[in-house]
Amino acid sequence: MQIEPIKQKCALVMRDVCSQLQAIHIDHLERKWITISMLVIGLFVGIITVDAFFHGVNPPSKVETVDSASLHLNKEFAEDNLGVQVDEKGNVTVRMVAGRYAFFPKHISVPAETPITLRWVSMDVLHGVHIPMTNMSTMIVPGYVAEITTTFPKPGEYPVLCNEYCGLGHNHMWSNISVIAKEDWTAPVKSPANGGSNNE
Ligand code: CUA
């Protein structure tokens, strides 16, 4: 591919735009305000950029990818591995799949006042998940794993709502999670064949 002609064309277009901009009469005061607005925008972008570097800001998924079309064949998100799992160290992990128009598994029970890592994937389109009274609010983008660690402050029924428009049934896409007092909660027992952490 010829790069030189493209470069020349770009330079020409740039020169043209610059000369046109210079030809426009901009009032002195207006020019001042344009400069101030640009500086403010630059300041905000700068703050976000610096903050992202220093605090390691990144998408909630940490850009972990997954093949949405073959979730049923995927080790982690195969049907048997969905729901609540507790590893040897007592860490609680919940794996859930969002699909038009429900969250699977349909119902789970988790302990209150315990950090719970929720891992979400979508099997079709963009969904969202919002659990009021917690920090749980994320997009579930097809092809990516969304991971959030949250703690349910007290026992009760917590609604799980889809907060991204995903189709005609979007407003029916909700379920709930039963949060049980820490001392009353027992980890679900799974058969050794599919239980435990199958992270290979
Ligand atoms: Cu799923 Cu809206």
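At-a-glance table
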read-out	value
Residue match in segment 92-101 (condition: among the polar types (S, T, N, Q) and touching a Phe, Trp or Tyr at 6+ places or on another chain (Cβ under 6 Å))	no
In segment 110-125, residue nearest to Val189 (Cα to Cα) [restricted to those that are open to solvent by 60 Å² or more (accessible area, probe 1.4 Å) and in contact with a Pro (Cβ under 9 Å, 6 or more places away or on another chain)]	Glu113
Some residue of segment 176-185 being more than 19 Å from the chain's Cα centre (by Cα), within 16 Å of the ligand (Cβ to nearest atom) and open to solvent by less than 70 Å² (accessible area, probe 1.4 Å)	yes
Any chance Cys166 is buried (at least 18 other Cβ atoms within 10 Å of the Cβ), more than 21 Å from Ser109 (Cβ to Cβ) and near the ligand (Cβ under 8 Å from one of its atoms)	yes
Filter result for the condition that a residue is open to solvent by 90 Å² or more (accessible area, probe 1.4 Å) and of a type outside the set (D, E, K, R), over His130, His107	His107
Single unsatisfied condition, Val97 versus (1) open to solvent by less than 40 Å² (accessible area, probe 1.4 Å); (2) touching a residue at least 40 places away in the same chain (Cβ under 8 Å); (3) within 15 Å of the ligand (Cβ to nearest atom)	(2)
In segment 71-92, the residues that are open to solvent by 30 Å² or more (accessible area, probe 1.4 Å) and either part of a strand (DSSP E or B) or not charged (D, E, K, R) (or both)	His72, Leu73, Asn74, Val86, Gly90, Asn91
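The values are calculated or read from the model by the stated rules, or taken from the named source; none is laboratory data. Computed from a prediction, not measured in an experiment: that's the story for all the values here. Don't worry about glycine lacking a Cβ; one is built from the backbone with ideal geometry, like all the others, and counts go over all protein chains shown. Remember, those area values only see protein heavy atoms, side chains included, never the ligands or the DNA or RNA. Shrake-Rupley method; radii C 1.70, N 1.55, O 1.52, S 1.80 Å.
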